[in-house]
Each structure stands twice: as structure tokens, then as C-alpha cells.
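Worksheet for the structure shown next.
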Amino acid sequence: MTSAAAGAAARAGELRRLIGEHNHRYYVLDDPSVSDAAFDALMTELQQLEAEYPELVVPESPTQRVAAGVSTGFATVAHRAPMLSLDNAFGEAPLRAWEARNRTYLGMPGDAPFEYVAELKIDGASISLHYEHGKLVRALTRGNGEEGEEITANARAIATIPLQLLESSVPPPEFIEVRGEVYLTFEEFARINAGLEEGGGKTFANPRNAAAGSLRQRDPALTAHRRLNTFMYTLGAVDGMAFDAQWQLLETYREWGLRTNPNVRLCRGIDEVLAFCDEWAVRKESLNYDIDGVVVKVNAFAVQAELGAASRSPRWAIAYKGYTPNQARTVVEEIAVQVGRLGTLTPVAHLRPVNVGGVTVSRATLHNEDEIRRKDVRIGDTVVVQRAGEVIPEVVEVVVDARTGAEREFRMPEECPVCRGEVERAAGEAVSRCINVSCPAQIRERIRHFVSRNAMDIEGLGDKHIDQLVTRGIIASAADIYSLTLEKLGPLERMGDRLAASILAAIQAGKRRPLQRLLFAVGIRHVGEGGARALARAFGSLEAVRDASEEQLAAVPDIGPTTAASIRHFFHDPHNQQLIAALEEAGVVPEAQQRAPESNRFAGKTFVFTGTLQQLKREDAEEIVRQHGGNASGSVSKQTSCVVAGEKAGSKLDKARSLGVEVITEAEFLERVQRDDAS
Ligand code: IVH
């Protein structure tokens, strides 16, 4: 055997073992420790090795598994009508030129205006839903446009996709391909990434990748856990009915219970389309999802049919992309490494400052070492950076042609850049960690997390203050916050007497936050907000969680064996024991927790809170619902029982009204809770 072949054999063995372990965690334990992308990368590597060295293919290789539950691939199914892409118009002139071309094509001189539908171009993953007599029978990804992957089980796990179209004035046809976009809100994207990060997995670079990845999960339960959302906007093949126009199509979709985007306009002529585009150049900032332009469609289907398609894209539609580009070129001056609260080392590109869509960008995340290798980003490289919505700017790609040869490759440091302590990268994990719990960077990040809004919510104490307090040795743990005084805060930069007093008041007021917040705030690896809530409910007090055995912990819904082990590990650690003791000493006594629901009066009911509430924080209002056996959700659907609308309620309120869901005020909600309390 050559030494290359011997190396390949060893690597194949290691890959089989790793994949086997991950599979077990994924399917049996339901507690994956790596992202799908990381898993797929291992699988791909093994497949490539086996293709190169066929003698390495053994029956027990995970690549040889067919029916036993692992489907790394999905079945491929042909689209009845191809799923085309769109041409782009980068600004007003190209948009007008498109119309002129269409006029010529139709042999329609003069200036009789076309009727257009202008729609937002949602930046997600496209999907095609097959309905037979109103029943969802199949769902496909776009694939190569001719055939897509069958992801029916996953589509069924998306709450906004009707399994059965509603009866309406227009009965659903024999067969129809309903098409649209699957996307994630910024909020949900952040939640997913936070979860991946806690588990040591690779995070998604943007909501679009996260949506596409979630759609192709191998386990529909995981797809369901990622709250994907949908907008349906176009038609594939249809049997047994005909539509006249795009506008009517959208109306019918809505009537059938399909989710459509409310931000559409029927326009007479290109000027009205351009007005819509200008309006959304500004308004897009207020959306909670990404768009990458406006799709302009000829309204009349008869005219669409006449125009037809040229190779890959229809002539009857175009994507207007006249917005200030959210991409720009700049130079990577340095790659620095940041240390997170759990010791995670994240490489960050320090950029020559550049204006990206109106915002100066000087940092971009590079996620982790594998990601840097994949994109081959080197120090000194010219790169394309992108800023999408509220997402941290990222490096999209390297401009390889701009290389001079002076670029330097980045190496993950072997010691922590802050404390010089040991760095570990566990097998199969994407991230490296500093394992010194006393690392000043970790201390700072842990305190930042402790005071953050979803944790102990101590308002006023900002990152810059915490930096100074830690650097000056005034505080060394979250518990030390409770010993802060006016004298200690006063001399800090960016601090006035008024602010100091209000911070101290917030610290005092925060001593009796609910247990779930404290459990989240102390920063136990793998315990996010959901896990903390489950623990608080099951155990009722910090002591009970601390004293619980691994088996007792793992018996709690939402807590898997890895998390249970991590909780035990946390409370075993002398540093953490000290922290808990110091918090107790400081008088941090979480509010007594209801172990079981206070009542079941909201059992089976789902509430959605929207707009600005006056008396309750939204999270607290949601907690009240849960304490009474109900559910709280972030989005309105037919399943919603009641929408509680605060001030400036927007699209959720509209949606509730259009679906006929009950809408009440915050006062009415509180009254209902109290009235029921009395009865
Ligand atoms: S209509 C013939 N409408 O953009 C194509 N597409 O580049 C018909 N997209 O793959 C598509 N929002 O995933 C249409 N309102 C919208 C859209 C939209 C986003 C995506 C879609 C498509 C891609 C085309």
C-alpha cells in the first residue's frame, strides 16, 4: 500500500466513526453536536475518499446505508413546469429598457401602459407545493430548475403551509404547483444561530442559507423547530382551472389560506412601478426579513404567455435591483480572534473601513477556521463584504485576481489570544475554545451576557462600562455587580451621576427576576432560554436544579443527555459554586417559580402579542400564558386563538383581522387573567 492509500484508509476509518457517532446523537439521542453542514462535510469527504479508493468501501460504511433511516439525499422529482430564475435590472434605465424590449417583442409600438404587479423579492429559498384537489401531496425545492428535491415531510412541518387548502369561492383545482419562498425572520435566524453556537456547531452566514439549510434537514422535527415562514407568489403547472392575472392569483392564494406578502401593488405603467421601488428602498429597513429587490411582473397571464421565456428566465418578469448595493470591496487588514463567554474563539476580519449600503463597515465575522479555509481568506486579501439587514457583516468571497502574493494565511492560535491559556478543538466540532474559565475575555463576555436583556436585564450597564470595570479589576464575576456603588461607578468613562444611580436601581430591582432568567444568565453551556424555562418549571428553585442528578435532568422535556451532563458539569465546577454562593449572598433570590401551570385555563390556546405593550414586557406576558397552560407564538395563523395588540401593532394585527382571529387589548388580557384568577 502506498503511504497516500494508507493515509486515506486511516482517514476513512476515522470518518466512519465520527459519522456513526453523529448519526447516533442525531437520530437516537436527538441531540446533535454538530451542524448539518458540518455533518454533510464529513459525509462528502468520505464519499470522495471512497470514490478515489474503491477498496475502502465496506458494507458498514455510512455511505452504504439505504433504507435504515439515513437519507443524506432526498428523492429527485421533476417539476411539471420548470422553475425559472429572473433577469436583473440594476436601476431605472435597465427597467425601462426591459419594457421597451417587451413592446418590440409583442409588436406593440406606442406607449399604452402595461399593467404590472410589483412585489418584494424575498431573499430565501424557493419551494414548489403540489396540491391535488386542495390536499398537499408533495413539496419540492427548486433544485436545478428542471427537477427538485422532495422535501414533503419538511414542508409539512412548516406551520404556514396549509396541508389542505381552504374552501373558498374558488374551489382548488385538480392539480396545482403553488410556488413561493421559504424564509426566516431576523429574530428566528438569530435564535437558530445562538443555538448552534451554544452547541459548538457552525453558524449560518445569513438567513437565506439558514432557510435553505433548514428546508433540507434530514429530520422534519428539526425543520419544525426552526420556525420557517413562507410567502407564495407564483404558479407552476395547473390542471382544471385557469387564472387571468397575477393579481387575481395572489388573491386566490390568500383565499385558499396560503400566506402571501401584503406588500404588493398593482401598477399602471413603469412610473408607478418605480415609485413602489423607491418607497421600498427606505421601507425595507423596517421589515423583519431580508429582501433583495423588487420583482416586477406583467399582470395579464395572456400577455405573459405571449412573451414567454428566453432560456432560463421569463420575459414577463424582472428583478429590479436598483438599491444601494449592500456589497462592497475592501481589504482584510488583520484577522483577529475574539473570545466568547464560553471560550469560543471566533476569527473576525478587521477591514479597511468601507461604506456598504450607507453604513461604514470595519469588521466582518469569519465564523470559524473551517469557514476561512473554505473561502480561503488571507490577511491582505481584497474581499467582497456584504451587509444584510441586521445581520453582522460577512465576507462573501475573495477577489482572487487582486492577490499580489504578499497575502498571509491565517492560523488559529494555539493559545488564547487574551489569557494565553490552552485552546481545544474537540473532534468533529467546528470551533476552538479557550478552556481557562478565568480568562478575562470570558469573564467580560459572561458578565455582558448576565446583564443582557433576555437574561437579568440590567438596563444602563453597557459593554463599555463592563470593559472598564473588568479591566480595572473592580468586578471579576457577575456576582460582583451587586457590590457596585456610586463611588465605584462614578469614575468610569461615559458615566454620569444620573446614569450611575439608575444603574444601581436597576441592579437592585433585578434581584428578584424569575428563576428561568437566572438559569439562563449564569451561562450554562447548551442551556438557552428554552432550556432554562424548562428547568425552572421542572425544579422550581436553583437549589433543586443544582442538586438534581443527571438522570433527573435528562428526564425534563427539552433537556437532552448532553445538556444534562453540561448542567452537572457546571454545578460541579468550584468557580461556578462560588458564583452561585456569591449571588445568594448578594441577595439574588429568584422569584418563586410555579412548578406546574398555575391553571389550565389557557390550555390548547395560542396567544400572539404584538405592538408595544404598556404594562408587561412581552416575554413576561408570554410567560403568564404558559403558566396557565397555554402557548405563546410569534406569528399569527389560523391556529392562533387570540391576538393581544399593543400600540403600533402592524401586520400581525392586520393578519389576525383578515383571518377572523380574536383581537384584544393588553388591559383586556390582564383582566382575563385576573378575572379567571378569582373564579
Ligand atoms: S417570481 C420565473 N416573485 O427570486 C420566476 N420570485 O431569481 C418566478 N423570489 O427563484 C419567480 N421573491 O426564489 C418571484 N415575489 C417574488 C419573489 C421571487 C423572491 C425569488 C425566487 C426565484 C428567484 C428568481
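The values are calculated or read from the model by the stated rules, or taken from the named source; none is laboratory data. Remember, predicted model here, so these are calculated numbers, not experimental data. Here the Cβ positions follow ideal geometry from the backbone for every residue, glycine too, while neighbour counts run over all protein chains shown.
Taking segment 173-261 as the region of interest, the helices (runs of 4 or more DSSP H) fully inside it that hold 2 or more residues being among the polar types (S, T, N, Q) are 207-215, 246-255.
Taken over segment 617-649, the criterion of being part of a loop (DSSP other than H, G, I, E, B) and either aromatic (Phe, Trp, Tyr) or out of contact with any strand residue (DSSP E or B) (no Cβ under 8 Å at 6 or more places or on another chain) (or both) is satisfied by Lys617, His628, Gly629, Ser637, Lys638.
Out of Ala89, Ala125, Ala155, Ala139, one residue alone is of a type in the set (A, V, I, L, M) and over 24 Å from Gln217 (Cα atoms). It is Ala89.
Listed conditions (1) surrounded by 21 or more Cβ atoms within 10 Å (Cβ to Cβ); (2) within 16 Å of the ligand (Cβ to nearest atom) are all met by Glu306, apart from (1).
Of all residues in segment 113-140 being at pLDDT 95 or above and β-branched (Val, Ile, Thr), which is nearest to Val273 (Cα to Cα)? Here the residue is Val117.
Look at segment 376-406 and say how many of its residues are in a loop (DSSP other than H, G, I, E, B) and modelled with pLDDT under 90.
In the first step, residues of segment 376-406 are kept if they are in a loop (DSSP other than H, G, I, E, B); the result is 376-378, 380-381, 387-393, 399, 403-406.
Adding the requirement that they be modelled with pLDDT under 90 leaves 387-393.
The number of residues fulfilling the criteria is 7.
Residue check: Gly134 meets all listed conditions (1) within 16 Å of the ligand (Cβ to nearest atom); (2) crowded, with 18+ Cβ neighbours inside 10 Å but one, namely (1).
Among the residues of segment 663-675, none is identified as over 21 Å from Glu619 (Cβ atoms) and surrounded by 13 or more Cβ atoms within 10 Å (Cβ to Cβ).
Checking Ala224, Ala205, Ala245, Ala210 one by one, the residue that is more than 16 Å from the ligand (Cβ to nearest atom), small (Gly, Ala, Ser) and either modelled with pLDDT of 90 or more or under 29 Å from Val396 (Cβ atoms) (or both) is Ala205 and no other. Here is the figure for segment 518-531: residues that are surrounded by fewer than 22 Cβ atoms within 10 Å (Cβ to Cβ) and part of a helix (DSSP H, G or I) total 2.
Screening Ala565 with (1) closer than 30 Å to Leu222 by Cα; (2) at pLDDT below 90 gives one miss only, at (2).
Being away from the ligand (no atom under 16 Å from the Cβ), charged (D, E, K, R) and in contact (Cβ under 8 Å) with a residue 12 or more places away in the chain holds for only one residue in Glu198, Glu181, and it is Glu198. Being in a helix (DSSP H, G or I), out of contact with any Asp or Glu (no Cβ under 6 Å at 6 or more places or on another chain) and closer than 30 Å to Glu188 by Cβ is true for just one of Ala534, Ala538, Ala564. Which residue is that? That would be Ala538, the only listed residue that is in a helix (DSSP H, G or I), out of contact with any Asp or Glu (no Cβ under 6 Å at 6 or more places or on another chain) and closer than 30 Å to Glu188 by Cβ. Restricting to segment 71-102, give me the number of residues that are assigned to a loop (DSSP other than H, G, I, E, B), away from the ligand (no atom under 14 Å from the Cβ) and of a type in the set (S, T, N, Q). So the count comes out to 2.
One residue alone among Ala349, Ala364 is touching a residue at least 40 places away in the same chain (Cβ under 8 Å) and not polar (S, T, N, Q), and that residue is Ala349. For segment 536-555, does any single residue satisfy the condition of being under 20 Å from Ser452 (Cβ atoms) and crowded, with 19+ Cβ neighbours inside 10 Å? Among the residues of segment 536-555, at least one is under 20 Å from Ser452 (Cβ atoms) and crowded, with 19+ Cβ neighbours inside 10 Å, which makes the answer yes.
Being in contact (Cβ under 8 Å) with a residue 12 or more places away in the chain and within 16 Å of the ligand (Cβ to nearest atom) is a property that Arg341 lacks.
Applying the selection to segment 104-130, what residues are aromatic (Phe, Trp, Tyr) and either more than 26 Å from Val303 (Cα to Cα) or within 15 Å of the ligand (Cβ to nearest atom) (or both)?
The first filter runs over segment 104-130 and keeps only residues aromatic (Phe, Trp, Tyr), leaving 105, 114, 116.
Matches in segment 104-130: Tyr116 only.
For segment 311-345, the tally of residues that are at pLDDT 90 or above and not in a strand (DSSP E or B) stands at 5.
For segment 316-323, the criterion of a residue being touching a Gly at 6+ places or on another chain (Cβ under 8 Å) and either more than 16 Å from the ligand (Cβ to nearest atom) or hydroxyl-bearing (Ser, Thr, Tyr) (or both) is satisfied by at least one position. Listed by first and then second residue, the pairs linking a residue in segment 574-600 that is under 30 Å from Arg675 (Cα atoms) and at pLDDT below 90 to a residue that is of a type in the set (S, T, N, Q) and not in a helix (DSSP H, G or I), with Cβ atoms under 9 Å apart and 6 or more places separating them unless they lie on different chains, are Pro590/Ser541; Ala592/Ser541; Gln593/Ser541. Selection of segment 262-300 for residues being within 14 Å of the ligand (Cβ to nearest atom), among the aliphatic types (A, V, I, L, M) and in a helix (DSSP H, G or I) yields only Val273.
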